[in-house]
Amino acid sequence: MPHSCLPPARHSVARLTTARQCYTNATYPKQCIPQRDDYLECIHRTKEKARNAAIQAEFERQQARGLQDHKHKLDAQADGVPTRVGLVPTPPADTE
């Protein structure tokens, strides 16, 4: 998935310029935290990487849960009456 900073040179320079202008015009440096965070995210993509890692972890968790549920179903079948697999023909039922 392409991130929001493509093409990197033009957008990162624009974000850096915006952050610098903010620091130049701001009364307090705290006023420029959003611009700084945007620039750092554009460069390092930390939030995007964390989001992708969380999505991957959830996918793997759901996969494992699905396999576990399937195993429980098979175990439940194995604990009950033997299941026919169709290898031996079924004898005809008496209709008397």
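The values are calculated or read from the model by the stated rules, or taken from the named source; none is laboratory data. Quick caveat: nothing in here was measured; it's all calculated off a predicted structure. Don't worry about glycine lacking a Cβ; one is built from the backbone with ideal geometry, like all the others, and counts go over all protein chains shown.
Residues are listed down the side, and each one gets a yes or a no for (1) modelled with pLDDT of 75 or more; (2) in contact with a helix residue (DSSP H, G or I) (Cβ under 8 Å, 6 or more places away or on another chain); (3) part of a helix (DSSP H, G or I):
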residue	(1), (2), (3)
SER12	no, yes, yes
THR27	yes, no, no
ASP37	yes, no, yes
ARG51	yes, no, yes
ALA76	no, no, yes
LEU87	yes, no, no
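Per this entry, THR18 is not counted among residues that are loosely packed, with under 13 Cβ neighbours inside 10 Å and either modelled with pLDDT of 85 or more or among the hydroxyl-bearing types (Ser, Thr, Tyr) (or both).
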